[in-house]
1. I'm trying to understand the selection: among the residues of region 746-770, which are buried (at least 17 other Cβ atoms within 10 Å of the Cβ) and among the aliphatic types (A, V, I, L, M)?
2. Hey, can you tell me all the residues within region 361-383 that are over 23 Å from ALA234 (Cα atoms) and either of a type in the set (Gly, Ala, Ser) or at pLDDT below 70 (or both)?
3. For region 283-295, enumerate the residues that are out of contact with any strand residue (DSSP E or B) (no Cβ under 9 Å at 6 or more places or on another chain) and either crowded, with 17+ Cβ neighbours inside 10 Å or in contact (Cβ under 8 Å) with a residue 12 or more places away in the chain (or both).
4. Given (1) under 27 Å from the mean Cα position of the chain (by Cα); (2) within 26 Å of ILE137 (Cβ to Cβ); (3) at pLDDT 90 or above; (4) open to solvent by 20 Å² or more (accessible area, probe 1.4 Å), where does GLY184 come up short, assuming only one miss?
5. May I ask you to list the residues in region 496-548 that are in a strand (DSSP E or B) and among the aromatic types (Phe, Trp, Tyr)?
6. Using beta carbons and a limit of 7 Å, which pairs, at least six apart or on different chains, have the first residue in region 321-341 and on the phi > 0 side of the Ramachandran plot and the second one at pLDDT 95 or above and open to solvent by 100 Å² or more (accessible area, probe 1.4 Å)?
7. Looking at LEU398, LEU410, LEU403, which one is at pLDDT below 90, surrounded by 19 or more Cβ atoms within 10 Å (Cβ to Cβ) and under 23 Å from the mean Cα position of the chain (by Cα)?
8. Could you list all residues from region 587-605 that are open to solvent by less than 60 Å² (accessible area, probe 1.4 Å) and either among the acidic types (Asp, Glu) or modelled with pLDDT under 75 (or both)?
Amino acid sequence: EVRMADISSLFSQLATHQVAGPIRVLGIDLGTTNCTVAEIISDQDSAFQALEPEYLSIRQPILESNQYTNVMVPSVLALYKNQVYIGEGAKRLRAKCGDAKAKLIPEQTIFWEDKNYMGVDKTMYKAPEGYQRAREISGHILRYLFQEAAQESEMPVNKTVVTVPACFQLAQRRDTLTACELAGLDISEGDLLDEPVAAFVHCLFSRQDMRIDRPGQSICCLIFDFGGGTCDVAVYQTRLPQAGQTLQVSPKAVSRYHKLGGGDIDKAIVYEVLIPQLMDQNRLQASDLDFDIKKQALEPALLSTAEMLKIGLCREIDRYEQLGTLEKQDPDQLSKSYPGRVTCPFKGGNDLYLDQPRLSASELARVLAPFVDTEIPYHQENEYRWTCSIFVPVEDALTRADLDSDDIDLCLLVGGSSRIPNVRWALDRFFSKAQIQALSEQKIQTAIASGACIHAFMLQALGQSIVQPCCAESIYIQTTSGPQILIAANTPLPFPDSEAWAQHATLTIPQSADDKPLVLRIELLDSQGRVLMRKPWEIAAPVSEGEKILIHYRMDVNQLLTMKLSLPGKPNQALRDMEVENPVTSVNNPNSKRQEILELEEAMRTSRIPPQKQAETIERIIGLYQDLGQREKAVSLCRKMLRIQGPSAYLLNKAALLYGEIGDYAREEKYYLEADKYSRTWKGPLFNLALSYRRQGRYAEAASLLDRVMQIERSAPYVVLRGIIAEAMDDWEGKEVLLDEALHLFAPVSSLSDWELHWYTRAVRMQGLQEKEQQARQEARKRVSDQDEDAPEGILPANDLHSARM
């Protein structure tokens, strides 16, 4: 075993005689919740004497004073009274953003967690020019950080490195580069460093007590980066350098849950601890607080208090743990409280007050329980907040890397939220055989900026990176005679190592096509035979069997594999270009529905949805919110659209459905009856209301309503529901008569809609008609199978075994 100091001396030997002139470099951690800046200044004689970055304390003006400085800069930007506030001042303004006296409108003047929207063309459509997109907000923050840092010394900055999450895809990295350009930074793709790699580089140079295997050997590292707004888990196979070598890093898997962070824990504290305290002190009922009040007024006002209580209590728990007396403490009494009063805006310009808010260790443990649960394998979300266990991304990354917890040699904890004792204890139990490295409170917040700074220094001093990205696994192209290798495992990236392109020339056309196009299936595989990409290539006729196919390809440092396919014998045949991001690194960002909502809302805001499609789009957005369990958000959108569009049977019926799911039966009934007024001949709202009556046990009202409806529309599902209600009222004879009638009203099974098929299945099951029930279930399974069927398109290319690779 060797200590990290020995590793740093290897780099010193590598570069001692290559440094020219004084050097000043910066490393910027552009975090979701907080940013930090680190700096190294050295002259020619002391270039490698000490690679210990200095963390710069950044001035952050606040309303009350211009004197506040700190190394932690909240990633919050506020526009207030024609002035831009960045950092702590903006964060404090956020707490007032529901206060009418402050004249702040949250979505227009306060921006936070915008990093989550990098790569998404979402605009804050009422924001001023230059502040309408996440990349623009990030650009303003980066410019401020750089300018404040640059003023710390008269010496010019030679190089700056900015970090990005390992899971950032091409669009997100390009948005980051655009933000750097807007900030006036001269940044190339090679100057973007993955955050987990930055943390590991920091540990290589700064952790004198960490022990690892001998240089030249490989270790499996899991970087757990749990920050304020994200939880990034990255698994790397790392080969430690011998003298004169670079650090080889092969990403195996990355799992990112971009709404799992300390901010989500803060929101849980707001809704589970502080709002109940507020309601109790102000004698409020649950019905007094609707979605807009809780989300737009109370949450922003209480978030900072929740964060402060959480951090303070965690420090107290740490103190007792270090003293060895934690087990003797009563978790209900071990607490942190805020000695003053928190003001929260309310309806009509009135204020609510929360006096001496308090958080106990038992309450924190209750709030954290779902965040450290090892059993629940999925996230849960409502309109207010997201709850997900840290072990969901951990196990997802391990599964994608084909590893288990015992295969991890080193688990490095990064990000402020990993300092929470309950999180640290849970990871220690889970990785029982790994070396767990938890940094100190300050280092854990600044490690990423430190690693970025060291990386910047090496780039400037050596002209090359100390970190060598590698292709984690071999990449093959599938042919009729088996897979053919394109890039071998552990190949340094970029490949080739210049702007040139590699070539593969053994593929041929598998069959002739004289009068119609030939569709080839281009399929990439990894070492285990898993499909990495599958795309069709349509080749115009005529084409002959045995014709050569040429592939030019390259893979850059961001693992973007670009391929250009051509037919050398047909120069007029159009090239087929293909791009694959992270082909061998499993990346998970599980928010497709949320992403679709953002894209649809953006299309609506920017008038890209034609008028005739707007109602359909709104229906889709409301349905997506409902799928995510955000029923109050969906209801709020329904009511907003009703105010804009006027009465709509669909929107009224949808709002009623949502109120029923929430359990607000009074509003559910009111909205169903209102929907019926505008539904003309469609009696769906009354059918749904009868269903609601039945669920509530109001059978007589349900029967009376359905009898009235069936005088107008006597369709089979209505009759089935009436039979179900008859059974609940012990009217067995009436039930049988109604179900017999319904079966005669139903059309053949294959022609039923999905809704009708559901009620048909209910009817035949209630009558004990097993053969008909089996037929109905087979039809339902067939429809699901037809929807899921995704047969590969095209045929595979052939392989000319006598050709040589170029």
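The values are calculated or read from the model by the stated rules, or taken from the named source; none is laboratory data. Here the structure is a predicted model, which is why all the values come from computation and not from measurement. Glycine also receives a Cβ, built like all others from the backbone with ideal geometry; neighbour counts cover every protein chain displayed. Surface accessibility is based on the protein's heavy atoms, side chains included, excluding ligands, DNA and RNA. Shrake-Rupley method; radii C 1.70, N 1.55, O 1.52, S 1.80 Å.
1. Within region 746-770, VAL749, LEU752, LEU757, ALA763, VAL764, MET766 qualify.
2. First, the residues of region 361-383 that are over 23 Å from ALA234 (Cα atoms): 361-367, 369, 381-383.
Within region 361-383, ALA361, SER362, ALA365, ALA369, GLU381, ASN382, GLU383 meet the criteria.
3. Filtering region 283-295 for residues out of contact with any strand residue (DSSP E or B) (no Cβ under 9 Å at 6 or more places or on another chain) gives 283, 285-292, 294-295.
Result: LEU289, ASP290, PHE291, ASP292, LYS294, LYS295.
4. Of the numbered conditions (1) under 27 Å from the mean Cα position of the chain (by Cα); (2) within 26 Å of ILE137 (Cβ to Cβ); (3) at pLDDT 90 or above; (4) open to solvent by 20 Å² or more (accessible area, probe 1.4 Å), the odd one out for GLY184 is (1).
5. Quick first cut of region 496-548, residues in a strand (DSSP E or B) only: 502-508, 513, 518-525, 531-539, 543, 548.
Correct list: TRP537 only.
6. Here the result reads none, with nothing in region 321-341 linked to a residue that is at pLDDT 95 or above and open to solvent by 100 Å² or more (accessible area, probe 1.4 Å).
7. On the way: LEU410 fails: under 23 Å from the mean Cα position of the chain (by Cα); LEU403 fails: surrounded by 19 or more Cβ atoms within 10 Å (Cβ to Cβ).
Matching residue, one of LEU398, LEU410, LEU403: LEU398.
8. Initially, region 587-605 is screened for residues open to solvent by less than 60 Å² (accessible area, probe 1.4 Å), giving 587-588, 590-591, 594, 596-598, 600-604.
The answer is VAL587, ASN588, PRO590, ASN591, ARG594, GLU596, LEU598, GLU601, GLU602.
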